[in-house]
Every structure is written in C-alpha cells, then in structure tokens.
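Accompanying notes for the structure given below.
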Amino acid sequence: MAAIEKQRNIIEFTLSSLWKRKGKNIALVVVYTLVVFLLASVMFFTHSLKREASLVLQDAPEMIVQRLVAGRQDSIPVSYMESIRDIKGVQSVQPRLWGYYYDAVSGANFTLMVKEELKDQPGIVVIGNGVSRHLASMKDDAIPFKTYKGDYLMLQVKGVLPAASELVNSDLIQVSEEDFKKIFSITTNEATDLVLKIRNVKELATIAGKITQLFPDTRPILREELLRTYDAVFDWRGGMIMVILAGAFFAFIILAWDKATGLSAEEKREIGILKAIGWETSDILLMKFWEGAAVSLSAYLLGVLSAYLHVFIGSAVVFEPALKGWSVLYPQFKLTPFVSAYQLATLFFLTVVPYTVATIVPSWRSATIDPDSVMRT
Amino acid sequence: MITLHDIRKVFNGGKPNEFVALDGINLAIDSHKATVIKGPSGSGKTTLLSLLGCMARPTSGRIFLKDREITSLPERFLTEIRRETFGFMFQQFNLIRGMTTLENVMLPAYPSGEKHGVLRKRAMELLGLFNLDHKAASRVEWLSGGEAQRVAIARALINHPSVIIADEPTAHLDTKLSAEFMDIMGQLKAQGKTVLIASHDPIVCESEVIDRIVDMRDGKVVSTGSVR
C-alpha cells in the first residue's frame, strides 16, 4: 500500500509541476499531438484502404490473360479461349470487354466495361457513384457518349452502383456489348482480356506457364499480383506522405529533444531541493518518468483519437487527394474502421517510448548530484 | 547524539583546484540542545552542517548517529535517515516556486508512502501552528519573507524530525523576523528537538535559546563551549 501511495504522491507532484510550466507543456503536447495525428492518420488510412481493396478484390477472377503487342496491351482474339479452356485445371474462360473513355465535356476518364447482365439491353448503362456525382446523373437520366466515328450515342442510366464498392468502382460505367462496340472500334472476335476460373489455386503458376507457352504474346496476371500491386500503390502513397511528413517529424524530434533534455536552471535547482529534503535519486527519476509519460501519453491518446475521427468519420480530408489517387473522380466513401493492436503498438513505440526515455536520461545526471549542492549555491 | 571523529572533507581531490573544507573535526552534538556553528564565510560551517545532516559524506573520518555509524551507508539508507531524522531550513528558504504553500510543506513526506489525506491533514495542522492556514492555497512566491520563512519551518517539521538543521536562517530576515525565528527554535527545543544552526548573526549567537557555540575558522574547530 505504501508503494502505491508513494506513486500517487509522486504523480500528484508531477502533475503540479507540469501545470506550473503549463505554457511550455501545453505547447509541447499540441505539437506532439499533431505529429502523432499525422502519423496515425497515414497509418490508419493506408491500412484501411489496403484492407478495403483486398476485400473488394476477393471476388476478382483468379487469373486474367492479356495480349501484348510491342509491349503494350492489345485486344486478344476470342479464338485463344478454346486452347486455354483445354488446359487441365482451367474451370472456365470468359472474354471481357472494357476500356477507358475520356469525356471531354467533364474532363474525366471513365472505365467502360461490358456487363453480362446488360447483354440484351442496349441503350442502358449502370454507373459508379463517382460518375453519378461528376455528371450529376441519376437513374433514368441520359448520358451522351462520343463514338469512334465522331457521332454521339445516348445511353440511359438504369441504376447507380452501391456505395460500398466505390473504392474500385467509382469511375465505372457498365454497358452492353453492343453499345461498347459502337463506342469503340472493336470487332466481334476480339476481347480486351480473358478471365479464368481455376479449380485449384496451387496450379495457378503452372497454368500461367502453359498459357505463355501456348501463346507467347500473352501475359497472365494472377489475383495475388493484383493484390500486391494495390498494396504497393497504397504503400507507395503512404510512403510518399511519410517522406513529406518526415521534415515535420524531425523538427518535432529536435523540439522534443530540446524541451525534454535541456533541464533549465530552475528545474535543476528543484531537483537539488528535492534531494536535500529527502527524495532519493530513484524518486526523482520516477517523477521524471511520470512527467514524460504524462506528456507523451496525453499526446498519443489525443493524436490517435483525432486521427481516428479524421480518417473514419472525416474521410481523411487532409490526405484524400494524395492517398486515394489523382483522378478527377475521387472516390467518396467512409472507410470501415480498422485499427489493429499492431498499428497502435508501432505508433506507441515510435512516439511515447523515445520521448519518455529522452526525459529520463538527462534527469539522471541531475538526479545524481549531491543533495548538499543546494546548500552550497 | 551525533558524534564526529577526525572528519576531513576535500573538494576536487587530486585536482589543481583541490580545496580542503574541513580538517580534523572531532565534535559531539548533544541531543535536545541548541547548537550554533559560528564562523566567517568559508570557514566550513555549511560543509559541516551538510555532513551532520547526512547530505554529504566526509572524505575521511567517521560520523555516528546515536550509536550507528552512518558514513559508510549506501545512498538509499542515508536518504532515509535524512528524511526521518532531520528537518532542513536553508538560507534562501528553497521553496519550490509555482506550487502552493500546502504542497511545499508536504513535499519531504511524498516518498515516504504515507496516505495523501493524512499528509495533507498534518501539513494543514503545521500551517495552522504558524498562522498560515489561510495561505495554504497561495503560491509560495506570493508570500512575504516572514511567511516564506515559516513555511520553510513547517516543511522541515512535516516528517517529525528529531534534529532541526538551519543554514544561515536569518541572513535574509530583518531583526524582528530573526527574533521571531529564534522564538520558534526555542519552542522546538522545548519540545525535545535538537537544534543545529550555522550562523554568524549576533541575533542567533547571542540568543538565550542557544546552549552551545562551536567556533570555526579555516575548516577547523577553533573553540567550543557552552554558553549556559
């Protein structure tokens, strides 16, 4: 009990001591909180985006086969399907038709994709949320599309895709095969790429090898590769933000180091007095530990909480353009809150631990001074 | 009873600026008496006081508190003895600015692990004893010189010490406050406490509270004798 009371008494003194220098300490907590907020925001945001993307891509085909001409993707002949279907382990092969459409009026790029459900419904489109917002088009509105011949094709909006899939479907327009071919110059025996269903995922690499052997001008893309690319893109974007923030972070480290390590003459005098009136070196270090912990824990909790609100309630307004992409059509969606213990622990060790250590180490030197120094000064 | 045997204290030993502060001190301080260590500046009064109060260790020689040899004790035990046995008053009062009077009085008892409520009650009683209870919530820098001095005394008494040590306590006080201080020392002595004061102020040295004067010069005890 005495040990607990001792801790309580020392914490009481520490808080009084912090409050005494409230100007300095509040400024420190504010800057510190801002740094934790920025770091935590980037971390929460990239992790949640990656998680969201991986959830969406779970339904993606196991393998996509593209054709390359002079190193660039080109239309793939539908005749390739027959030979691919015959490869052992391939469950099904479907042709896909999709492409990019630049709308000069709104200045945005849309992704046009043929949807099997619209096969017999020419003149109809289903649009993503971003497209709907950008063109201010709702159900039953008509959207003009400029065809490769230069004339216009009016297509009616049948519906808007659900907001839950907006991360990858924001700029998507689903059309019928007939309308797609009217807009782009694509012949009936060509597809943009082929999607494959594979019985056993362990055979993916073998099947991909067989396809490239059969058709050396093709490039099979596995779902895992797509996921890795998404991860890399978000990691890269997160990394880029981190680089920008690095300057601010180092400025904070210098500030924190200076504030935490540079004991003022007043603080040194106080340590001398405390030792003279019966405090041990360990009591002084304990007091300094609580001081560092109070500042850094407050900043950590405030920073993490505000980052959570910023990312999951405020849709990360600060980093949105950099982290979501540079498209005209920014996806607008609320991320599902995803915060792991690993993320929180990483942040804790990056922020709280270094600061607390930085406050204790210089105090060690002052705490070991002879208690009689206060009598001799 | 505190006994000193052949005490020598050297600062910066072995360096060009080596300084012998105390040399060959043999002294016995009686319990329940008021002793003044007198001498000019640099005579070693404060150094002797800090050795007596377990704030520093001698370079050589031995110090006994009652029958216990304390010179070779580790810092932790020495601090415990210092906290439990001695109450200190400093020349500049050395109160911690920015904190309240009450907090300053409670400070020496914080590491003891006593209940906060009990401590607070005792500190308030001490402040009441010195008519300072109405100043409990005031910050110490707002106190007058006399009030600050009484707060320093209350702080020295919070751990029920048996020995009160004061270093030049009247150096910054006027005649009236100095006399008031000596009255308080008289009351403490009457309660059975041992009073040790380093001073060359005649108000202290000639006070009727004082039982014995130890005269020092150049780190040595020149004379020692009872005044009454």
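Readers should treat all values here as calculations from the given coordinates under stated rules, not as data from a laboratory. Being a predicted model, the structure only gives us computed values, none of them experimental. Every residue, glycine among them, receives a Cβ derived from its backbone with ideal geometry; neighbour counts consider all protein chains shown.
Annotations
- Sequence of B:CYS205, B:CYS54 once ranked by neighbouring C-beta atoms within 10 Å, starting from the fewest: B:CYS205, B:CYS54
- Cα long-axis angle, helix A:204-214 against chain A (0 to 90 degrees, to the nearest 10): 40
- Relative contact order, whole percent, for the range B:2-226 stands at 30, derived from Cα pairs under 8 Å and 6 or more residues apart.
- The protein assembly as shown: Cα Rg divided by the 2.2 N^0.38 Å rule of thumb: 1.61
- Degrees separating the helix A:281-308 axis from the principal Cα axis of chain A, which is the longest one: 30
- Entries of B:LYS38/B:LYS66; B:LYS66/B:LYS115; A:LYS24/A:LYS288; B:LYS33/B:LYS135; A:LYS115/A:LYS139; B:LYS193/B:LYS220 with Cα pairs more than 20 Å apart: B:LYS38/B:LYS66; B:LYS66/B:LYS115; B:LYS33/B:LYS135; B:LYS193/B:LYS220
- Modelled spin labels at A:SER264 and A:THR229, positioned 7 Å past Cα toward Cβ, are 5.8 nm from each other.
- Inverse mean reciprocal Cα-Cα distance (Kirkwood Rh) of the range B:1-135, Å: 17.2
- Relative exposure of A:SER79, A:SER48, judged by other C-beta atoms within 10 Å (fewest first): A:SER79, A:SER48
- Contact order, relative form, for chain A: 28 percent (alpha carbon pairs under 8 Å, 6 or more residues apart, mean separation divided by residue count).
- On the basis of the beta-carbon distance and an R0 of 22 Å, A:ASP140 and A:SER106 show a calculated FRET efficiency of 0.70.
- Think of the protein assembly as shown as a dipole: +1 on every Lys or Arg Cβ, -1 on every Asp or Glu Cβ, centred on the Cα centre; then among A:VAL93, A:VAL30, A:VAL114, A:VAL30 lies furthest on the positive end.
- Across the range A:98-185, Cα pairs under 8 Å and at least six residues apart give a relative contact order of 39 percent.
- For the range A:98-185: span of alpha carbons on each principal axis (Å, largest first): 35, 29, 22
- Taking every DSSP helix (H) stretch of at least 4 residues in the protein assembly as shown, weighting each as -39,500 (n - 2.57) and dividing the sum by the residue count yields a mean residue ellipticity at 222 nm of -14500 deg cm²/dmol.
- Cβ-Cβ FRET estimate between A:TRP257 and A:GLN343, R0 fixed at 25 Å, reported to 0.05: 0.50
- In this structure, the amide hydrogen of B:MET216, modeled 1.01 Å from its nitrogen in the peptide plane, lies closer than 5 angstrom to those of B:LYS38, B:GLY39, B:VAL222, counting only residues at least 5 positions away or on a different chain.
- Spatially, the range A:42-82 and the range B:76-111 are offset by 71 Å when compared through their Cα centroids.
- Charged side chains reduced to their Cβ positions (Lys and Arg at +1, Asp and Glu at -1) give the protein assembly as shown a dipole of some 800 debye around its Cα centre.
- Semi-axis lengths (Å, descending) of the ellipsoid that matches the C-alpha gyration tensor of the range B:75-205: 22, 18, 13
- For chain A, the longest principal axis of the C-alpha atoms and the axis of helix A:223-261 are separated by about 20°.
- Cβ crowding within 10 Å ranks B:GLU141, A:GLU52 as B:GLU141, A:GLU52, fewest other Cβ atoms first.
- DSSP-defined beta bridges in the protein assembly as shown - what % are antiparallel, rounded to 5: 70
- Inter-site label distance for A:SER185 and B:SER223 at 7 Å from Cα along Cβ, in nm: 12.4
- Pairwise label distance in nanometres, A:VAL30 with A:MET154, each label 7 Å out on the Cα-Cβ vector: 5.9
- Chain B: antiparallel DSSP beta bridges as a percent of all, rounded to 5: 55
- Calculated log₁₀ intensity ratio I(q)/I(0) where the Debye formula runs over C-alpha points of chain B, q = 0.08, 0.09, 0.13, 0.15 Å⁻¹: -0.29, -0.37, -0.77, -1.02
- In this Cβ point-charge picture (+1 for Lys and Arg, -1 for Asp and Glu), chain B has a dipole of about 480 debye about its Cα centre.
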